[in-house]
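Step one of this worksheet: look at the structure below.
Please treat every number below as a calculation from the coordinates, not as lab data. As the structure is a prediction and not an experimental result, all values here were calculated from the model. Neighbour counts run over all protein chains shown; Cβ positions are idealised from the backbone, glycine included.
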Amino acid sequence: MPRPKKDPALVKSTMIKIPLTADQKELIVQAAASAESEMTAWARQKLVDAAREEAAKSLKAHGNNKAKR
């Protein structure tokens, strides 16, 4: 019996490719293992969290600049 299809909102259909050194990859592998997570899932979550944080900072900074004008 096939497994049910994923919710389309949860399907990951876009990829990015990030060049790393062997040491950088090993560090990510170790960090993911210590968090008991798969490397790609761990890295994806960290990257998305960092992107959200940076986007929020940027939005706040741009909002503050508009207020000073």
Checklist entry - Lysine pairs in the chain with alpha-carbon atoms under 18 Å apart, 8 or more places apart or on different chains: how many are there? => result 8
Item to check | Rounded to 10°, Cα long-axis angle of helix 39-68 versus longest principal axis of the chain | outcome: 10
Item to check | Those trypsin sites (Lys or Arg not before Pro) in segment 17-56 that DSSP places in a loop and that have at most 14 other beta carbons within 10 Å | outcome: Lys17
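List the GluC sites (Glu not before Pro) in the chain that DSSP assigns to loop (not H, G, I, E or B) and whose Cβ has at most 12 other Cβ atoms within 10 Å. Which are they?
Values: sites: Glu26, Glu36, Glu38, Glu53, Glu54; in loops: Glu36, Glu38.
Passing sites in the chain are Glu36, Glu38.
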